[in-house]
Structure formats: structure tokens, C-alpha cells
């Protein structure tokens, strides 16, 4: 069954098992999320639910957002995300989704916004090598080097790896294992690293693999 949650990244730590093996994990505050809208195959043409996460004061919402929440009779939420679910018809507006919707050992995909590094050079952005540090190289030790032929095609090809904006983009990490669940505090411990900085919002769903 397809599932999804909105969560906030808290940070990384490590968990020891009974044999002393250490596992690096990322702890996220997963929910509680409230169902703010249900979309059905008969009305919208597909089955999905819209979840809301984190309360927000009414004064910070525009008129359209206020109308959306008022129409569905739910409290104001800062973050909204739609998840395609096969059993959306079984859910209703106002239902609460918590961390225990997932199970320990289950595999999930996590989507978030990666850390932004601003305008970065070729080496930092793409992991390239420096040019030779000897005499004759000139002041270009950390530049790209050759960018292509001279007369044919006589231009820099599209998608050439060069300096530019690094990070601050949507990233999905696939097939991560849920190591531990703290249902009382709505916490998930996910094996390995996930995209984004501490305090960032991430979206968790069943893995597609």
C-alpha cells in the first residue's frame, strides 16, 4: 500500500545494535500530518490525498489559502504536499497521519532541497582535478581547461560542466531503510543521509524500487 508523510529533518546520529554494530541514521520529525483534501478517481481523475504539516498563523496566509482550509474545515498549515495513494477513498479530511504509518525495516524514498552552496567553481561543483601547479600553467589552476574544439563545432556544447549555481535543488534519495520508529514522539530514524540542511522539510514515501 502506498504511503506518504511530510517531515522535518532534525539531524544525524548513530544507533548500535545488540552486536555492537553501528548504523548512521538521520532523525526526522514525521508528522503529525492532517489530511486537508481528498482527490478521487471519479471527481479528479486520479486518487490522491493532500497532507498538511506544521501550524501557521492565519495572518501569514493569503486569501486563497485561507479559503482552501476553510472549505475543508481544517486548521491552517504551513506546508502542503499531495501524495498519490491507491486507498485515498478510504481516508477523509481531518484524518491524522503519524509516524507509525510506516514500519521498521520498510524502505522509503526521501525528497528534499539540497544545501545551497551559491556560485561555485568547477572543482567544488563537479569534483574535477586541478591543472598542473608548475610554471607555464598561468593563473588557471582551478579552471575547467579545454572546453571543446576550435572551429568545429566552434562553440561550447550544451551541458558542459562549468562553474555555476551549486545545490539548492530538488533531490530524491532512493531505497533508504527505516531503522527505528519512536511513535510517541513521531520520530523516524532513517539509515544513511538524506537531502537538505537541519530543519529542512522533506517528503517521505514508499520506495519506487
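Limited to the range 156-209, what total is found for residues that are more than 22 Å from residue 77 (Cα to Cα) and within 10 Å of the chain's Cα centre (by Cα)? Steps first, answer last, please.
First pass over the range 156-209, keeping only residues more than 22 Å from residue 77 (Cα to Cα): 156-169, 171-182, 189-195, 206-209.
Checking the rest, the ones that are also within 10 Å of the chain's Cα centre (by Cα) come to 169, 171-173, 194-195.
The qualifying residues number 6.
Are any residues in the range 182-194 crowded, with 16+ Cβ neighbours inside 10 Å, modelled with pLDDT of 95 or more and in a loop (DSSP other than H, G, I, E, B), and if so, which ones? Once the filter is applied, which keeps residues that are crowded, with 16+ Cβ neighbours inside 10 Å, modelled with pLDDT of 95 or more and in a loop (DSSP other than H, G, I, E, B), the range 182-194 yields only 194. Within the bounds of the range 66-74, is there any residue that is in the same structural domain as residue 184 (by TED's automatic domain parsing) and under 27 Å from residue 177 (Cβ atoms)? No, the range 66-74 contains no residue that is in the same structural domain as residue 184 (by TED's automatic domain parsing) and under 27 Å from residue 177 (Cβ atoms). Checking 93, 144 one by one, the residue that is at negative phi, outside the structural domain of residue 196 (by TED's automatic domain parsing) and assigned to a loop (DSSP other than H, G, I, E, B) is 144 and no other.
Can you find a residue that is closer than 30 Å to residue 70 by Cα and touching a helix residue (DSSP H, G or I) at 6+ places or on another chain (Cβ under 8 Å) anywhere in the range 161-184? Within the range 161-184, one or more residues are closer than 30 Å to residue 70 by Cα and touching a helix residue (DSSP H, G or I) at 6+ places or on another chain (Cβ under 8 Å).
Quick check on my filter: what residues within the range 74-116 are without any contact (Cβ under 8 Å) to a residue 60 or more places away in the chain, closer than 30 Å to residue 169 by Cβ and in contact with a helix residue (DSSP H, G or I) (Cβ under 7 Å, 6 or more places away or on another chain)? Residue satisfying the conditions is 76 alone. Please specify each residue of the range 48-73 satisfying the condition of being surrounded by fewer than 18 Cβ atoms within 10 Å (Cβ to Cβ) and either in contact (Cβ under 8 Å) with a residue 40 or more places away in the chain or part of a strand (DSSP E or B) (or both). The answer is 54, 55.
The values are calculated or read from the model by the stated rules, or taken from the named source; none is laboratory data. Being a predicted model, the structure only gives us computed values, none of them experimental. Note: ideal-geometry Cβ built from the backbone for every residue, glycine included; neighbour counts use all protein chains shown.
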